[in-house]
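Each value in this text was obtained by applying a stated rule to the coordinates, not by laboratory testing. Given the structure is predicted, the values throughout are model-derived calculations rather than measurements. Cβ coordinates were reconstructed from backbone atoms using ideal geometry, including for glycine residues, and neighbour counts include every protein chain displayed.
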Amino acid sequence: YGYINAGEKIAPGIYKVNAFKEKPDFETAQHYMMDGNYWWNCGIFVWQVQAIAEAFQKYNPSLYEKLESWAKGGDYTLDFEKCEKISIDYAVMEKADNVAVKQASFQWNDLGTLGALYEITMKDFHENAISTQGKLQLEESDQNLIFCDDNTEIRLEKIKNCAVIKSGKSLLITTKW
């Protein structure tokens, strides 16, 4: 996680960011949490286009040049693999000095894993998490994640703790995450 050091209050619930630190070491993160003036960055950003473009130009000029070229119709497929592998957090946020943070409290789940997807999906009586438009037949099958983005018929017999994911022409079947 990134940590945001909230400074001066500039509007109701909005604070100037004194510092932003992405993925500090464990001891530093503990210090931040004990301090009381640091908040977690949940990765939700809002920018004016001009402001973020200027930030890239200032803090990551090589990437800015590519973005500018692509915006003018350049072929990004030729350059994308050559781009520096860097997140917005490291490329801009740690360096920028014109950042504000909005204090918020809401439910949030990082859907980066099949387990997280299973947790948020409605389940049937047998704890199968199901999201499909097609016909589904389950026989002695429990605690599975079943996702299908079309009307393909799916049948599971005596399957437990697996993920069955069909998207377009691709099919993934794996044991539980």
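Here are some notes:
- Rounded if a/c under 1.5, otherwise prolate or oblate - the stretch 1-156, Cα gyration tensor axes: oblate
- Using the Karplus relation 6.51 cos²θ - 1.76 cosθ + 1.60 with θ = phi - 60°, the per-residue 3J(HN,Hα) values for the stretch 74-88 come to x, 7, 5, 5, 7, 9, 4, 5, 7, 5, 4, 7, 8, 7, 4 Hz, with x marking Gly and Pro.
- Charged side chains reduced to their Cβ positions (Lys and Arg at +1, Asp and Glu at -1) give the chain a dipole of some 160 debye around its Cα centre.
- Nonlocal amide H pairs with Ala100, under 5 Å, H built at 1.01 Å: Val17
- Positive minus negative residues near Gly74 (Lys, Arg vs Asp, Glu; Cβ under 14 Å): -1
- Net charge contributed by nearby residues that have their C-beta within less than 13 Å of Asn5 (K/R +1, D/E -1): -3
- A simple packing score, the average count of other Cβ atoms within 10 Å per residue, orders the peptides 5-16, 102-113 as 5-16, 102-113, with the highest score first.
- Overall form of the stretch 114-175 per C-alpha gyration tensor (a/c, 1.5; a/b vs b/c): rounded
- Using 0.36 nm per residue and subtracting the Cα-Cα separation, the extra length available between Ala96 and Asn161 on full extension is 18.9 nm.
- The chain: angle of helix 26-35 to the longest principal axis, Cα-based, in degrees nearest 10: 70
- Using the Cβ-Cβ distance between Ser62 and Thr28 with R0 set to 22 Å, the FRET efficiency works out to roughly 0.15.
- Axis angle, to the nearest 10 degrees, between helix 49-59 and the longest C-alpha principal axis of the chain: 70 degrees.
- Working note: 222 nm ellipticity from helices only, DSSP H runs with n ≥ 4, each -39,500 (n - 2.57), summed and divided by the residues of the chain, gives -6500 deg cm²/dmol to the nearest 500.
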